[in-house]
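Presented below is the structure to which this report refers.
The values are calculated or read from the model by the stated rules, or taken from the named source; none is laboratory data. Everything numeric in this text was worked out from a predicted model, so none of it was measured. Heads up, the Cβs are rebuilt from the backbone with ideal geometry, glycines too, and the neighbour counts pull from every protein chain shown. Accessible surface is based on the protein model in full, side chains and every heavy atom, while ligands, DNA and RNA are left aside. Shrake-Rupley method; radii C 1.70, N 1.55, O 1.52, S 1.80 Å.
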Amino acid sequence: MEVVALEVIRHLQEIDRENEYFIFVKEDEDSDCLTPTENFEIVTIPSASYPIWEQINLPKAASRYKLDVLHCTCNTAPLMTGVPMVLTLHDIIYLESVSFKGTAYQNFGNLYRRYVVPRIVGKCEKVLTVSHFEKEKIIARLDLPEDKVEVVYNAINRKFRKIDDEEQLAGIRKTYDLPEDFILLFGNTAPKKNTIGALKAYVSYCNQVSDPLPMVITDIEPAFIEKLLQEMGARHLRDKLHLKDYIAFDQLPYVYSMATFFLYPSLRESFGMPILEAMACGTPVITSDTSSMPEVAGSAALLSDPFKPDSIASQMVKMHEDEALRTELITKGLNRASEFNWTSTAEQVLSVYKSMHQIPV
């Protein structure tokens, strides 16, 4: 959510030199992630716990600066403010089920959103979300009129592009000790990210091909993977799994570019930005046939049923064995990723601001 907010602000700075913006931020170590311009002022509001910052300090600042519109970009907003509001509601997953499997911070955040979101959407003049799939979910769950919810697609950072410089790629390969050819998976213990299903699919894939590719998994504890392998009777595959703690954002395009294909088998996404990131780097993608992922991927990825590891494995085998298919998906993926850009997103957001009667066109 923070990435989306930053990208929209940066591109509004490029396209709108007329309206005046105040960017309200908490006191934070990342205070230099935005650069003020002539009509964009960064306003630091005293830090506090997030609910206090949002429900008390933010409305005070909005009143003090006499705003025409307050755009809250991360799912929640003040319950009481006299300023017309736009809300970016990325998803309502936290309203669909209650889970306390996350950290204490994550659990509190979900409860906070469950309380605030149903109470504020009716007070907003416009609700923005990131896919038509999520729009339908929001309208049905929160009983909103269709014309109140507008789809504004996410996009990807310009850094994500196909990289062919062998010297640069070799440097990154050495830094992270990456194999020559590999499958890329972003590990995550959140159930919706389906790491368990992906690992089951990998075991099945290894049993079906004579020369299975190793798999690079980011951001996952070795103990978690080793426990799963033991439960699956596949401890012999441990050496084929390359676990990486963290890959710096600026180096992700290189890692995508080196991967033979990218596996993104989530159970539920409101958008799925890594799908487009991988495509923009010329990497074939296998993703899910659920929620927003077919909408984002279009015809440029292989789709599988994420609830059935054998379905994922079948697509992995197909991707592994069919070089012509990989080449076709690379071309389609580059074209698909080019259809999503932050300038277009910012133009849509600005159009929403202008449609509100307080903002001059």
On the basis of being of a type outside the set (S, T, N, Q), in contact with a helix residue (DSSP H, G or I) (Cβ under 8 Å, 6 or more places away or on another chain), open to solvent by 30 Å² or more (accessible area, probe 1.4 Å) and in a helix (DSSP H, G or I), does Y112 make the cut?
yes
Looking only at the stretch 312-328, and only at residues there that are of a type outside the set (V, I, T) and in contact (Cβ under 8 Å) with a residue 60 or more places away in the chain, the one that is farthest from K200 (Cα to Cα):
R326
Before we move on, is E295 more than 30 Å from Q168 (Cα to Cα), out of contact with any His (no Cβ under 8 Å at 6 or more places or on another chain) and either modelled with pLDDT of 95 or more or open to solvent by less than 20 Å² (accessible area, probe 1.4 Å) (or both)?
no
Listed residues V25, V8; which is within 28 Å of K354 (Cβ to Cβ), in contact with a helix residue (DSSP H, G or I) (Cβ under 7 Å, 6 or more places away or on another chain) and aliphatic (A, V, I, L, M)?
V8
When the stretch 45-88 is checked residue by residue, the ones that are within 22 Å of Y353 (Cβ to Cβ), in a helix (DSSP H, G or I) and within 24 Å of the chain's Cα centre (by Cα) are E54
Just wondering, is there one or more residues in the stretch 345-360 that are surrounded by fewer than 18 Cβ atoms within 10 Å (Cβ to Cβ), farther than 22 Å from V3 by Cα, in contact with a helix residue (DSSP H, G or I) (Cβ under 8 Å, 6 or more places away or on another chain) and of a type outside the set (S, T, Y)?
yes
Which of the residues spanning the stretch 132-172 are surrounded by fewer than 18 Cβ atoms within 10 Å (Cβ to Cβ), over 26 Å from G333 (Cβ atoms), hydrophobic (A, V, I, L, M, F, W, C) and in contact with a strand residue (DSSP E or B) (Cβ under 8 Å, 6 or more places away or on another chain)?
I139, L144
I'd like the full set of residues that are open to solvent by 30 Å² or more (accessible area, probe 1.4 Å) and either in contact (Cβ under 8 Å) with a residue 40 or more places away in the chain or outside any loop (DSSP other than H, G, I, E, B) (or both), limited to the stretch 26-44.
K26, T37, E41, I42, T44
If you go through T88, T81, T129, T76, the only one that is buried (at least 18 other Cβ atoms within 10 Å of the Cβ), among the β-branched types (V, I, T) and free of Cβ contacts under 8 Å to residues at least 24 places away in the same chain is T81
Identify, from the list I275, I220, the residue that is at pLDDT below 95, under 25 Å from the mean Cα position of the chain (by Cα) and open to solvent by less than 20 Å² (accessible area, probe 1.4 Å).
I220
Anything in the stretch 298-318 that is closer than 23 Å to F271 by Cβ and open to solvent by less than 10 Å² (accessible area, probe 1.4 Å)? List them, or say none.
A300, S304, P306, I312
